[in-house]
Amino acid sequence: MCDLMTRLSRLSSAEDFLAFFSVPFEQRFVDVNRLHIMKRFGLTLSGLDWADGDEEAVIARARKALVDACREIEGSGPRGAGLFKVFQPPPAPTADSCSGSCSGGRCGGHGVTFVPGLPG
């Protein structure tokens, strides 16, 4: 397993990982989505059990994680994947989420005016 970890540590680009795991790709797709692909791949890898199974089994699971990452980004696009905070909708502020600095219906912590009778 140490040999695998050493080989993986030498990879630096999305193309390097795709080539290592023999995942076919279109360069244009990777050029536009590399950050999202690698983020999803990294999140999935962090949840893998690296100690479970032999090296071939781990490589197969990691390859599947990379293929799944590409498919997810391809299917939903970067915004749909919601991997980065900028693409995630902000939580709707409510009177209950206020830090207590509200007065007169104005929330000092969120900058939102609460209108009685309206949700949120």
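The values are calculated or read from the model by the stated rules, or taken from the named source; none is laboratory data. Source: prediction; values computed, not measured. Cβ sites come from the backbone with ideal geometry, for glycine too, and all protein chains shown count toward neighbours.
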Tell me, please, whether a residue that is outside any helix (DSSP H, G or I) and β-branched (V, I, T) can be found in the stretch 22-43.
yes
Does the stretch 24-36 contain at least one residue that is closer than 23 Å to C2 by Cβ and polar (S, T, N, Q)?
no
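Conditions tested, residue by residue: (1) in contact (Cβ under 8 Å) with a residue 12 or more places away in the chain; (2) aliphatic (A, V, I, L, M).
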position	(1), (2)
D16	no, no
N33	yes, no
M38	yes, yes
L43	yes, yes
D68	yes, no
Return yes or no: is A69 at pLDDT 90 or above and either exposed (fewer than 10 other Cβ atoms within 10 Å of the Cβ) or within 19 Å of the chain's Cα centre (by Cα) (or both)?
yes
Within the stretch 46-62, track down each residue that is in a helix (DSSP H, G or I), of a type in the set (A, V, I, L, M) and surrounded by 14 or more Cβ atoms within 10 Å (Cβ to Cβ).
V58, I59, A62
